[in-house]
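Here is the structure we will look at, set down as structure tokens.
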Amino acid sequence: MAEPETEGTDISLRAAEVASDVSETDKPQEQRRLASRFTRAVTSGARAAGRGTRAGIASVAGFRGLAGNGAYCASKAAAITWLESLRTELYGSGVSVVCVCPGYIDTPMTRVNRYRMPFLLPPDEAARRIARAIAARRRLAVIPWQMAAVSVLLRAMPGWLYDRLAARAPRKPRDVRI
Ligand SMILES: NC(=O)c1ccc[n+]([C@@H]2O[C@H](COP(=O)([O-])OP(=O)(O)OC[C@H]3O[C@@H](n4cnc5c(N)ncnc54)[C@H](OP(=O)(O)O)[C@@H]3O)[C@@H](O)[C@H]2O)c1
């Protein structure tokens, strides 16, 4: 698939993702391929454009590791850090870089989950909030705000306590034995 030319566009948003620990994305070569496509598409022509917004959809899952979801959490942690690097690299260039970290959104990705998903957003409401965050050029937007509060707690939690709580949390089924 050819990458879109983003130079001269006002807003470029990358959201493609797969959420499974047992899919092709667990293969290192596939992860590298996806990462390099993401990088090319978001950065192409950014500095020359001198304006506009580049946004990426990461996730609250990128803040701490979740059992059974390692590849997804790692890819989202990478997205958060990478977007931050890009933001600092483009600082002062006129181009904004926005990192959106949603909690749970009701989409095909989450409809397979057999556990309660707190603060689940309908997709149209999530889209509205994501659009608002991008329009406001927020550096890091966690949606909804309740998830932002949970994220602050999670990030501040000491490792020993996090391990105990996270080990008991519900998880996606894993068919790769570890
Ligand atoms: N749903 C949530 O609760 C939630 C929470 C936090 C973050 N997110 C993030 O939000 C984004 C959208 O997720 P979603 O919930 O809408 O998931 P989804 O319903 O599973 O949709 C994923 C989308 O990504 C596309 N995609 C997957 N791999 C791709 C690739 N290699 N190249 C191009 N497109 C690809 C899929 O296209 P096809 O349909 O053509 O395969 C599909 O449209 C993802 O980045 C996800 O991680 C979702």
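Only the coordinates and a few stated rules stand behind these numbers; no lab work does. Here the structure is a predicted model, which is why all the values come from computation and not from measurement. Please note: Cβ atoms are built from the backbone with ideal geometry, for glycine as well, and neighbour counts cover all protein chains shown.
To make sure I understand, if each residue's beta carbon is the centre and we count other beta carbons within 10 Å, what order do Trp145, Trp82, Trp160 fall in, fewest to most?
With the fewest neighbours first, Trp145, Trp82, Trp160 line up as Trp160, Trp145, Trp82.
Through the Karplus equation 6.51 cos²θ - 1.76 cosθ + 1.60, θ set to phi - 60°, convert the phi angles of region 49-57 into ³J(HN,Hα) values in whole Hz; use x for Gly and Pro.
Whole-Hz 3J(HN,Hα) from phi for region 49-57: 4, x, 6, x, 9, 10, 10, x, 9.
Could you give each residue of region 127-132 its phi-based ³J(HN,Hα) in whole Hz, using Karplus coefficients 6.51, -1.76, 1.60 with θ = phi - 60°, and x for Gly or Pro?
Coupling constants for region 127-132: 4, 4, 5, 5, 4, 5 Hz.
In whole Hz, what ³J(HN,Hα) sequence does region 105-113 give by Karplus (6.51, -1.76, 1.60; θ = phi - 60°), x for Gly and Pro?
For region 105-113, the Karplus-derived couplings read 10, 6, 9, x, 4, 9, 5, 7, 5 Hz, x marking Gly and Pro.
Taking H as built 1.01 Å from N, whose amide H comes closer than 5 Å to the amide H of Ser12, not counting residues under 5 places away?
Thr53, Arg54, Ala55
Given N residues in region 53-167, what is its alpha carbon radius of gyration divided by 2.2 N^0.38 Å?
So region 53-167 has a normalised radius of gyration of 1.10.
Could I have the simple spin-label model distance between Trp145 and Arg164, label points 7 Å from Cα toward Cβ, reported in nm to one decimal?
It works out to 3.2 nm between the two label points.
Subtracting the Cα-Cα distance from 0.36 nm times the residue separation, let me have the gained length for Ala127 to Thr110 in nm, one decimal.
4.6 nm
Can you put Ser151, Ser12 in order of Cβ neighbours within 10 angstrom, beginning with the fewest?
Values: Ser151 18, Ser12 23.
Neighbour counts put them in this order, fewest first: Ser151, Ser12.
Can you give the FRET efficiency to the nearest 0.05 for Arg171 and Tyr91, using r as the Cβ-Cβ distance and R₀ = 41 Å?
Numbers: r = 38 Å, r/R0 = 0.93.
E(calc), rounded to 0.05, equals 0.60.
Amide H neighbours of Val142 under 5 Å, counting only residues 5+ apart in sequence or on other chains, H built in-plane at 1.01 Å?
Cys101
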